[in-house]
1. Find out how many positive minus negative residues lie around SER102, taking Lys and Arg as positive, Asp and Glu as negative, among other residues whose Cβ is under 9 Å from that of SER102.
2. Quick one: grab the alpha carbon gyration tensor of region 10-72, order the square roots of its eigenvalues as a ≥ b ≥ c, and give me rounded if a/c is under 1.5, else prolate or oblate depending on whether a/b is larger than b/c.
3. On full extension of the chain, what length is gained from ALA19 through VAL94, given 0.36 nm per residue of separation minus the C-alpha to C-alpha distance?
4. Sort 62-75, 20-33 by the packing proxy (mean of other Cβ within 10 Å over each peptide's residues), most packed first.
5. Can you tell me which of 84-91, 96-103 comes out highest on packing, and rank the rest after it, using the mean Cβ neighbours within 10 Å?
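No value in this document is a laboratory result; all are computed from the given coordinates. Owing to the predicted nature of the structure, the values given are computational and were not obtained by experimental measurement. All Cβ positions, glycine included, derive from the backbone under ideal geometry; neighbour counts span all protein chains shown.
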Amino acid sequence: MYISNVIDYKNNLNFGITARSQWIKSNAAPQTQVAYGNFLWENNGGMSWLSQGYIIHDKTGRIQQTGIYGSTAGIISNGDVQEFGLAFGVGAGVVNYAIDLSNVTVRQADDLIATSDQSIWHPDFSLGFNFYKGIDRARNYDYFYVGASSPQVFGLKPKYKEGNLIYSFN
């Protein structure tokens, strides 16, 4: 969960796409793409609601993960969520972990884990809280933040199956 641009820039609806590549001359270079959207239902006095969703794809070499997430947060404020707020939120989603094993050279030709690509879907759940206070610089706010979160509450330890065997990568 994160407090998004809808609070900072006073927009109630926000969409975006971002992409990042590192070490671009390497074939196994890390690449990340994110698409997101969020909506703030602002209640002037009391509780406001922030809902958001995003899709993340991350790939480094032969290993990749793709996640689809949604979250919602209640924001308690004095009526102006740009001034300050105390947010409590939960998020849920699923993430796919995949390993591309095509064209892999192995020491043992009968190595079962290396005979086919591996892929598994895993549930994900997060929760957290965040207090923020806008420092008024003629209503062009700078922010002070304090919060805590617990991403991946279920833990992410993917296990891959090949026949009767189960493999785990920790």
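1. Values: positive: ARG62; negative: ASP100, ASP117.
Surrounding charge for SER102 is -1.
2. On the way: a/c = 5.11, a/b = 2.91, b/c = 1.76.
Taking the square roots of the gyration eigenvalues as a ≥ b ≥ c, region 10-72 is prolate.
3. Details: separation 75, 0.36 × 75 = 27.00 nm, distance 2.04 nm.
Going from the current span to full extension adds 25.0 nm.
4. Details: 62-75: 17.6, 20-33: 11.2.
Result, highest mean Cβ count within 10 Å first: 62-75, 20-33.
5. Working: 84-91: 19.4, 96-103: 14.4.
Highest mean packing first, the order is 84-91, 96-103.
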